[in-house]
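What follows is a short report on a single structure.
The values are calculated or read from the model by the stated rules, or taken from the named source; none is laboratory data. Values in this document were obtained by computation on a predicted structure and should not be read as measured data. A quick note on method: Cβ atoms are made from the backbone with ideal geometry, for glycine too, and the neighbour counts reach across all protein chains shown.
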Amino acid sequence: MQHFLSIGLVGYLTAFSGFFLAGVFCFAVGKLGNRFLGTMMGFTAGIIIAFICFELIPGSLERFGLYKGIIAMLLGVALSAWLEGRLGEFHRYEKAGLLLVLGVTIHNIPEGMALGSLLHVSFPAGVSLAIMIAAHCFPEGLAVMLPFKQAGAKASKMLALSLLVPIPMSVGALSGALISSSSPLFVDACLCFSGGVMLYIACGNILPESKDVWRGRMSAIGAMLGFVAGVWLTAKL
C-alpha cells in the first residue's frame, strides 16, 4: 500500500511543481506590461502547439488509428467551443484559464497513468519520467495562470489552482499503478481528445488574446519562439 501511495504522491508533486512555480513567477514579476504579457501568451501558445504536434498526438494516432484519433480530437474541439459559449459571463481571461484547466485536467489523467505504470515497474525510471513531465508542466501552468493573473485573481486563488489541478495527475498515476494492464486504446483516446481541447485553447483563445494585448510583432515572435522551444523540449525530454 505504501508503494502505491508513494506513486500517487510522485504524480501529484510532478504536476504541482510546474503549476506552483508558474504561479510564483506570475506574482514575482509584479504588474505585467502589455508587451511582456502578449509575448509570454504567444510563447506559451507556441509551446502548447508544439507539444500537441510532436509529443501528445503522433504516438496516439499511430496506436489508436488516424480516423478515430481525428474524431476524438474534433470532439475535444467541439466540447471546448461549446464550453466557451457557456462561459460567456466570465471575464475573457478567466474563460481562457478555465478552458485550459479543462484541457490540462483531461490530459493529466492518461499522462499520470503512463507515469504510474512506469513507477510501478521501475521507481527510478519513473522518477526520471516525472522530471520530464514536470518540465512541460511549467509552461502549461504559465498558460493557465497568466489569464487568471490578468483577470485580477488573488494569490489565494492561484494557490488553490496549484493545489487542485495536479489531483488528476495523482489519480492517473495511482490508477496506472493499480491497473497497469489498462487498455492502451482508452489512454490514446483521452490523449487525442485532450489534444483537440488544447489545440482549440491555443489557437482560439491564447493566440488571439496575445494579439489583443499587444498588437506589435512581439506576440507573434513569442509564438514562434515558443513553438521552437516546444520542439526542442519534446526532442530533448
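The lone criterion from (1) modelled with pLDDT of 85 or more; (2) farther than 24 Å from V213 by Cβ; (3) in contact with a Leu (Cβ under 9 Å, 6 or more places away or on another chain) left unmet by L74 is number (3).
What's the number of the condition F36 fails, among (1) surrounded by 19 or more Cβ atoms within 10 Å (Cβ to Cβ); (2) under 26 Å from V231 (Cβ atoms)? Unmet for F36, out of (1) surrounded by 19 or more Cβ atoms within 10 Å (Cβ to Cβ); (2) under 26 Å from V231 (Cβ atoms): (1). Of the residues making up region 164-198, those that are at pLDDT 80 or above and surrounded by fewer than 16 Cβ atoms within 10 Å (Cβ to Cβ) number 1. Put simply, of A135, A114, A96, A22 the only residue that is modelled with pLDDT of 75 or more and in a helix (DSSP H, G or I) is A22.
If the requirement is being more than 30 Å from S6 (Cα to Cα) and in contact (Cβ under 8 Å) with a residue 12 or more places away in the chain, which of these qualifies: S210, S175, S170, S194? Quick ask: steps written out before the conclusion?
Numbers: S175 fails: more than 30 Å from S6 (Cα to Cα); S170 fails: more than 30 Å from S6 (Cα to Cα); S194 fails: more than 30 Å from S6 (Cα to Cα).
Step by step, each of S210, S175, S170, S194 is checked, and only S210 is more than 30 Å from S6 (Cα to Cα) and in contact (Cβ under 8 Å) with a residue 12 or more places away in the chain.
Scanning region 216-232 for residues that are in contact (Cβ under 8 Å) with a residue 24 or more places away in the chain and surrounded by fewer than 19 Cβ atoms within 10 Å (Cβ to Cβ) yields G216, A220, I221, M224, L225, V228, A229, V231.
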